[in-house]
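Engineer: I have a structure I would like to understand better, so I am pasting it below and will then ask my questions one at a time.
The values are calculated or read from the model by the stated rules, or taken from the named source; none is laboratory data. From a predicted model like this one, the values you see are computed outputs, not experimental measurements. Here the Cβ positions follow ideal geometry from the backbone for every residue, glycine too, while neighbour counts run over all protein chains shown. For accessibility, only protein heavy atoms count, side chains too; no ligands or nucleic acids. Shrake-Rupley method; radii C 1.70, N 1.55, O 1.52, S 1.80 Å.
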Amino acid sequence: MTDKLVIFDTTLRDGEQSPGASMTQDEKLRIARQLERLKVDVIEAGFAASSNGDFHCVQAIASVIKDAVVCSLSRANDRDVSRSVEALKPARHGRVHIFIATSPLHMEKKLRMSPEEVLEQARLSVRFARQHMSDIEFSAEDGYRSDLDFLARVCEAVIKEGTTTINIPDTVGYAIPELYGNFIKSLREKVPNSDKVVWSVHCHNDLGMAVANSLAGVKFGGARQVECTINGLGERAGNCSLEEVVMAVKTRRDYFGLDVGIDTTQIVPASKLVSSTTGFVVQPNKAVVGANAFAHASGIHQDGVLKARNTYEIMRAQDVGWNANKIVLGKLSGRTAFKQRLHDLGVVMDSDADVMTAFMKFKELADRKKDIFDEDILALVGESSSTAHKERYGFVSLSHQSTTGTQPHAEIVFTEDGTEVRAAAVGNGSVDASLKAIESHVKSGAELVLYSVNAISGSTESQGEVTVRLQDSGRIVNGVGADPDIIVASAKAYLSALNKLSSQVERIPAQG
Ligand code: KIV
Ligand code: ZN
């Protein structure tokens, strides 16, 4: 057993399964690069067989990531495994991640398979994968609700076939730390060849215990890989949060006695990138990455921290990257400085034309806003890549009038398949009028299920970042827009959500 804890990030796969969190290839690449800067050990890039889009994302990520292992999820069948193997061909270090459900409930109701059939399918799929890849992970879906003896037989069989990591998910977030820790421990004790693999934990947060359960699986169960996501992104209540698990192990090294290879100063930039890309806002009191995580409001606390920081702080804000939010560029910065900053932020653009589009947007923004922060640059890069990739709808301009006592009016110009469209409407407020103006032309009929505004960099001079969530025929998408004028940011967010609605491809869900 090693005393290194492997950090397996699944933001781009399990995190993306969160309704509305779907990401484009460019967005995934940007996040993958940030994950590499964060020095995660494994990046689960997607589920190659679930759609052509996912296949290409895994392939693209496998081509650019050099240090981390790049992983693709597969159901336990030869076709899925072949798709993963194919997508991972460019990877320096690739891993196929095979899963099949092992709980009585899932086997009977979902798979309609007997336990013996499941065991055989697990065995055969690992055998097949082993012919093409040496790094293989096997996950027993709904593992925590499985019969321990049966699960032990499955684990023993897949280890014999060459699995190198075994993951025992708490797929539905049902576990309790003590019980989960003991479950992993008993399982490892029951499996005769358990020392041949790395054991992994993968916990969902339905009862708010994903991090606690994962840590119990490590401390008491002997797991040495934790599967987690940035900001705890994931279906329903989300997955185990990477930043919390990493900082717990680092801050309480005295207790866990484990090393993690993470560059913690990249945690906050990663959190901000994932939040602005998906539109999932981080709650202010979220541990480590929430805006208030290091803010001391009470006089007694402030006094204590000023006298000795460790009176009330167990971690340093700068150690998790809070000082990364510095003024980086201004009105007079040139293209070289802009390009350098993009490079430092890990943003790679396809062509000089894309850089130029982003630079022009930066200049426009710098005319309206004195200081440009990293978050501003990331927001405009997101917009520029959607312009460059010819999304269906694009923002051009907006004017709105709102005087106390009169009904606000908005007039918007936007592009639809490259043609300029002009539309106007009145509404309950300027935001309402702008979105109604867009809808008066597009007639998507989608339901607006969430609207939220966030200040990108904390002051009134900041850009507003708006998230709009639309629901249409059971599909949910998030659109994000940023601008110093929040009415414009709202219109951009609405158009971005419409783009996602019109482009989203059907996928096979991992937990179908
Ligand atoms: O939660 C789960 O069981 C999963 C598996 C597919 C690994 O995400
Ligand atoms: Zn999961």
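Engineer: Does segment 83-92 contain at least one residue that is more than 16 Å from ligand 2 (Cβ to nearest atom), in contact with a Phe, Trp or Tyr (Cβ under 7 Å, 6 or more places away or on another chain) and farther than 19 Å from H202 by Cα?
Structural biologist: The answer is yes, given that some residue of segment 83-92 is more than 16 Å from ligand 2 (Cβ to nearest atom), in contact with a Phe, Trp or Tyr (Cβ under 7 Å, 6 or more places away or on another chain) and farther than 19 Å from H202 by Cα.
Engineer: Something else: Could you figure out which of (1) open to solvent by 40 Å² or more (accessible area, probe 1.4 Å); (2) assigned to a helix (DSSP H, G or I) isn't true of A295?
Structural biologist: Only one criterion is unmet by A295, namely (2).
Engineer: Follow-up. Can you say whether V42 is out of contact with any helix residue (DSSP H, G or I) (no Cβ under 8 Å at 6 or more places or on another chain), within 16 Å of ligand 1 (Cβ to nearest atom) and open to solvent by 10 Å² or more (accessible area, probe 1.4 Å), as far as the supplied structure shows?
Structural biologist: No, not satisfied.
Engineer: Report yes if C228 is within 16 Å of ligand 1 (Cβ to nearest atom) and touching a Leu at 6+ places or on another chain (Cβ under 7 Å), otherwise no.
Structural biologist: yes
Engineer: Looking at segment 250-273 only, could you name the residues that are part of a helix (DSSP H, G or I) and farther than 30 Å from Y451 by Cβ?
Structural biologist: K250, T251, R253, D254, Y255, F256, T264, T265, Q266
Engineer: Also, I was wondering about something else. For residues in segment 18-46 being within 16 Å of ligand 2 (Cβ to nearest atom) and in contact with a Phe, Trp or Tyr (Cβ under 9 Å, 6 or more places away or on another chain), which is farthest from C228 (Cα to Cα)?
Structural biologist: Once the filter is applied, the top-ranked residue is A21.
Engineer: Tell me, which residue of segment 24-33 that is touching a residue at least 60 places away in the same chain (Cβ under 8 Å) and open to solvent by 10 Å² or more (accessible area, probe 1.4 Å) is nearest to V198 (Cα to Cα)?
Structural biologist: My answer is R33.
Engineer: Which ones in segment 274-292 are touching a Gly at 6+ places or on another chain (Cβ under 9 Å) and assigned to a helix (DSSP H, G or I)?
Structural biologist: Within segment 274-292, V274, S276, T277, T278 qualify.
Engineer: Against the conditions (1) in contact with a Cys (Cβ under 7 Å, 6 or more places away or on another chain); (2) farther than 26 Å from D344 by Cα, where does R252 fall short? Just the number, please.
Structural biologist: (1)
Engineer: Is it the case that E227 is closer than 18 Å to P169 by Cα, surrounded by fewer than 23 Cβ atoms within 10 Å (Cβ to Cβ) and within 16 Å of ligand 2 (Cβ to nearest atom)?
Structural biologist: When the stated conditions are applied, E227 does not pass them.
Engineer: Of all residues in segment 88-100, count the ones that are away from ligand 1 (no atom under 16 Å from the Cβ) and touching a residue at least 40 places away in the same chain (Cβ under 8 Å).
Structural biologist: Counting residues in segment 88-100 that are away from ligand 1 (no atom under 16 Å from the Cβ) and touching a residue at least 40 places away in the same chain (Cβ under 8 Å) gives 3.
Engineer: M247: assigned to a loop (DSSP other than H, G, I, E, B), open to solvent by less than 40 Å² (accessible area, probe 1.4 Å) and touching a residue at least 60 places away in the same chain (Cβ under 8 Å), yes or no?
Structural biologist: No, not satisfied.
Engineer: Tell me, please, whether a residue that is more than 30 Å from M113 (Cα to Cα), more than 16 Å from ligand 1 (Cβ to nearest atom) and open to solvent by 40 Å² or more (accessible area, probe 1.4 Å) can be found in segment 51-61.
Structural biologist: yes
Engineer: State all residues of segment 1-21 that are more than 16 Å from ligand 1 (Cβ to nearest atom) and either open to solvent by 10 Å² or more (accessible area, probe 1.4 Å) or of a type in the set (G, A, S) (or both); if no residue qualifies, say none.
Structural biologist: M1, T2, D3, K4, G20
Engineer: Name the residue that is least open to solvent (accessible area, probe 1.4 Å), counting only residues in segment 62-101 that are of a type in the set (S, T, N, Q) and farther than 23 Å from D26 by Cβ.
Structural biologist: Filtering segment 62-101 for residues that are of a type in the set (S, T, N, Q) and farther than 23 Å from D26 by Cβ, the one least open to solvent (accessible area, probe 1.4 Å) comes out as S74.
Engineer: When you scan segment 228-242, do you find a residue that is assigned to a helix (DSSP H, G or I), under 23 Å from P19 (Cα atoms) and among the β-branched types (V, I, T), even just one?
Structural biologist: Yes, some residue in segment 228-242 is assigned to a helix (DSSP H, G or I), under 23 Å from P19 (Cα atoms) and among the β-branched types (V, I, T).
Engineer: Do any residues in segment 212-234 that are among the aromatic types (F, W, Y) have Cβ atoms under 8 Å from those of residues that are modelled with pLDDT of 95 or more, where the two are at least six apart or on different chains, and which pairs are they?
Structural biologist: F220/E178; F220/G181; F220/N182; F220/I184; F220/K185
Engineer: While we're looking at this one, here's another question. Looking at Y174, Y180, Y144, which one is within 16 Å of ligand 2 (Cβ to nearest atom), modelled with pLDDT of 95 or more and in contact with a Gly (Cβ under 9 Å, 6 or more places away or on another chain)?
Structural biologist: Answer to the selection: Y180.
Engineer: Which numbered condition in (1) within 16 Å of ligand 1 (Cβ to nearest atom); (2) open to solvent by less than 30 Å² (accessible area, probe 1.4 Å); (3) among the aliphatic types (A, V, I, L, M) is the only one that A237 fails?
Structural biologist: All conditions are met except number (2).
Engineer: Does segment 241-256 contain any residue that is of a type in the set (S, T, N, Q), more than 15 Å from L35 (Cα to Cα) and out of contact with any helix residue (DSSP H, G or I) (no Cβ under 6 Å at 6 or more places or on another chain)?
Structural biologist: Yes: segment 241-256 contains one or more residues that are of a type in the set (S, T, N, Q), more than 15 Å from L35 (Cα to Cα) and out of contact with any helix residue (DSSP H, G or I) (no Cβ under 6 Å at 6 or more places or on another chain).
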